[in-house]
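Each remark here refers to the structure printed beneath this line.
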Amino acid sequence: MGARILIVEDEEALTLLLRYNLEAEGYEVGAVARGDDADSRLKEDVPDLVILDWMLPGLSGIEICRRLRARAETRTLPIIMLTARGEESERIRGLGTGADDYIVKPFSVPELVARVGALLRRASPERMANQLNYGDIELDREKKRVSRAGRPIELGPTEFRLLEFLLERPGRVFSRAQLLDGVWGSDVYIDDRTVDVHVGRLRKALNHGSAADPIRTVRGSGYALDDRFGRTA
Ligand code: CA
């Protein structure tokens with residue numbers, strides 16, 4: 001599954017261009033045109049990377065950036081800031097907004113796409129790794145094998161993808177709708193309860209005997225890989 005990118009940009013033509021090129025690279029792309037809308041959306045749903053324009057209606061990119069850095073869930077969220085020539089990009093750097101990268105408009109789209117890839121690799125090397133580890137759980141993407149404390153675990157293809165998705169983002173809470181999007185794909189229409197069924201099967205397979213449950217049910221929200229599990233196991 002490709003990383004999820006949110007574009008916050010009020011120039012519609014640029015948003016379309018970026019969306020087209022990023023989707024061609026396999027990313028899942030969302031877009032918002034107003035700063036205040038971006039602020040509320042980012043409180044509900046955290047993507048893997050944000051492309052953030054500086055000058056926006058509603059709320060400036062700099063203010064959004066500050067708010068993201070002030071919240072624990074988004075403190076390390078990769079941010080690429082877009083600035084127009086004449087908007088004194090050097091001054092923006094000096095403001096210490098906490099963006100990871102800055103690009104001055106007009107820019108070349110391939111360059112932006114390359115920087116997105118570089119930033120994502122830096123931010124989460126586990127996304128690229130063949131082997132994912134968490135506590136005593138190991139998942140090998142190439143060999144399609146899972147083990148816990150050295151004991152091989154048999155998983156169906158859906159449970160395997162579900163575990164892979166959770167292992168890529170330990171600790172983060174996902175709603176059933178987000179899991180459906182990420183594991184089954186956004187063009188598939190199945191009931192939210194299907195997620196519960198597969199989480200149940202995954203748990204049963206992983207928690208053979210009395211091993212601690214690595215999956216946390218967050219009431220009213222969804223599921224997460226328990227971050228305490230990764231530390232103590
Ligand atoms: Ca703008």
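Please tell me if Gly58 is over 13 Å from the mean Cα position of the chain (by Cα), on the phi > 0 side of the Ramachandran plot and modelled with pLDDT of 95 or more.
yes
Does any residue of region 55-78 turn out to be free of Cβ contacts under 8 Å to residues at least 24 places away in the same chain, assigned to a helix (DSSP H, G or I) and open to solvent by 30 Å² or more (accessible area, probe 1.4 Å)?
Yes, that holds for at least one residue.
Return the residue satisfying two criteria in turn: it lies in region 1-17 and is more than 13 Å from the ligand (Cβ to nearest atom) and assigned to a helix (DSSP H, G or I), and of such residues it is least open to solvent (accessible area, probe 1.4 Å).
This residue is Leu17.
I'd like to check which strands (runs of 3 or more DSSP E) are fully inside region 134-233 and have at least 1 residues that are open to solvent by 20 Å² or more (accessible area, probe 1.4 Å), aliphatic (A, V, I, L, M) and touching a strand residue (DSSP E or B) at 6+ places or on another chain (Cβ under 8 Å).
215-218
Please indicate, with yes or no, whether at least one residue in region 102-111 is more than 16 Å from the ligand (Cβ to nearest atom), surrounded by 14 or more Cβ atoms within 10 Å (Cβ to Cβ) and at pLDDT 85 or above.
yes
The values are calculated or read from the model by the stated rules, or taken from the named source; none is laboratory data. Just so you know, these numbers come straight off a predicted model, no measurement behind them. A quick note on method: Cβ atoms are made from the backbone with ideal geometry, for glycine too, and the neighbour counts reach across all protein chains shown. With ligands, DNA and RNA removed, areas are computed over all heavy atoms of the protein, side chains included. Shrake-Rupley method; radii C 1.70, N 1.55, O 1.52, S 1.80 Å.
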